[in-house]
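Notes follow the structure.
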Amino acid sequence: MITSSLRTQNTNTPWKESLRKAIRDPNELMQILGLPKTSSSLMTALSSSFPLLVPRSYVARMRKHDPNDPLLLQVMPDARELLEIPGYSLDPVGDRHAEPLPGVLHKYHGRLLLITTGACAVHCRYCFRRHFPYAESNPARRDWQSAIDYIRCHTEIDEVILSGGDPLMLDDEKLQRLIRKLDAIDHLRRLRIHTRLPIVIPERVDDALLAWMRESRLQLIVVTHVNHPNELDDEVGNAMLLLHDAGAFLLNQSVLLRGVNDCSDVLSKLSMRLFETKVIPYYLHLLDPVRGSAHYDISEKTAKGLIRDLRQRLPGYMVPRLVCEKAGEPNKTPVLDN
Ligand SMILES: *Cc1c(COP(=O)(O)O)cnc(C)c1O
Ligand code: SF4
């Protein structure tokens, strides 16, 4: 069953238009920011499996003429990605061992994570999923039926997490079909959506999306991914308010990244700005040691110092939990600062 309001959605939807117009050419990005051209042979080497992709509204939040802009540093390919450094692997979090079905990750008690799509609206260079074999892991085949059957058989699961890639890259029609199937499973209580789309293309939060969110009987949690306060402009703030008004709890996870947010001033501004947009800082992740990301890494000692600073400067509810992910652990591992 497809509602008529969603049927009218087509490729001219504003968010899809923004995605279509996203920047894919490193030199175009450099030109917009008033920075020198990059070496094209280097970009070819870097782009084969994980090319540059960044929407224009996100670029508009970058500072001109600044090669070290914290938003630019998250998306611009870098020669150091080609280094093979011991300890930085293709599957650092052991996801391939927790996959009972393609695209279904059941690592933690009561929560099941669905890889809904491999696609994202932005390519973050440090992403631990950049080497994930999405083509083999597609639970959307046969309209999610095997994933739905698996959840039905596991009555201890009370929360489904839609992840990716980015689940909000899927059409609202498709998402609505999936959510209706989940709604019909009695033991489910919560639906969580891990997404960066409202941040990089805030117009993704449109009427069609809010309609299926409001329709679901499940408690809805939207977990955004923001690393720097400059990512949160008024348009993003507005998108967050719309999600909040539709009944979603809003949480954020960040990754601690060298040169981007490894400073307590930036992190405390980030927490405050998140809270102003109704978002609670949830996790601050130590970088997963994925191949090609070593140049973003921060030592555990520095990370603990940053959290200690935040705890002194901010109300407790604005201090994110510092965690890392270890293969085989039954939960995200807290990194304690004592
Ligand atoms: C992070 C993660 C979750 C959710 O963990 P929470 O601590 O509940 O946020 C669930 N499943 C997988 C596979 C994860 O990586
Ligand atoms: S949006 Fe998320 S999944 Fe996609 S590249 Fe960025 S960090 Fe990775």
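Counting only DSSP H runs of at least 4 residues, each contributing -39500 (n - 2.57), and dividing by the residue count of the chain, the helix-based mean residue ellipticity at 222 nm comes to -8500 deg cm²/dmol.
Using only side-chain charges placed at the Cβ, +1 for Lys and Arg and -1 for Asp and Glu, the dipole size of the chain relative to its Cα centre rounds to 100 debye.
Provide the net charge surrounding Pro229, with neighbours chosen by a C-beta distance below 11 Å and charges set as Lys +1, Arg +1, Asp -1, Glu -1. Present the calculation step by step, with values, prior to reporting the outcome.
Numbers: positive: Arg61, Lys269, Arg273; negative: Glu231, Asp233, Asp265, Glu276.
The answer is -1.
How much length is gained if the chain between Leu336 and Ser48 is pulled fully straight, taking 0.36 nm per residue apart and subtracting their Cα-Cα distance, in nm to one decimal?
Details: separation 288, 0.36 × 288 = 103.68 nm, distance 3.87 nm.
Stretched fully, the Leu336-Ser48 segment lengthens by 99.8 nm.
Rounded to 0.05, the FRET efficiency of the Asn27 and Arg189 pair, given R0 = 56 Å and the Cβ-Cβ distance, is 0.70.
Longer than 32 Å from Cα to Cα, which of Lys16/Lys301; Lys37/Lys174; Lys21/Lys107; Lys64/Lys107; Lys269/Lys332 are they? Say none if no pair is.
Lys16/Lys301; Lys37/Lys174; Lys21/Lys107; Lys64/Lys107, as the Cα separations exceed 32 Å there.
Mean separation of Cα pairs under 8 Å and 6 or more residues apart, divided by the residue count, gives region 90-334 a relative contact order of 18 percent.
Once the Cα-Cα distance is subtracted from the 0.36 nm per residue extended length, the Asn68 to Tyr108 segment shows a gain of 10.7 nm. From the alpha carbon centroid of region 48-105 to that of region 281-338 is 18 Å.
Each other residue within a Cβ distance under 14 Å of Leu35 adds +1 if Lys or Arg and -1 if Asp or Glu, for a net charge of -2.
Here, each number is a calculation from the coordinates, and none is a lab measurement. Fair warning: this is a prediction, and the values are worked out from it, not measured in the lab. Note that each Cβ is placed from the backbone with ideal geometry, even for glycine, and that neighbours are counted across all protein chains shown.
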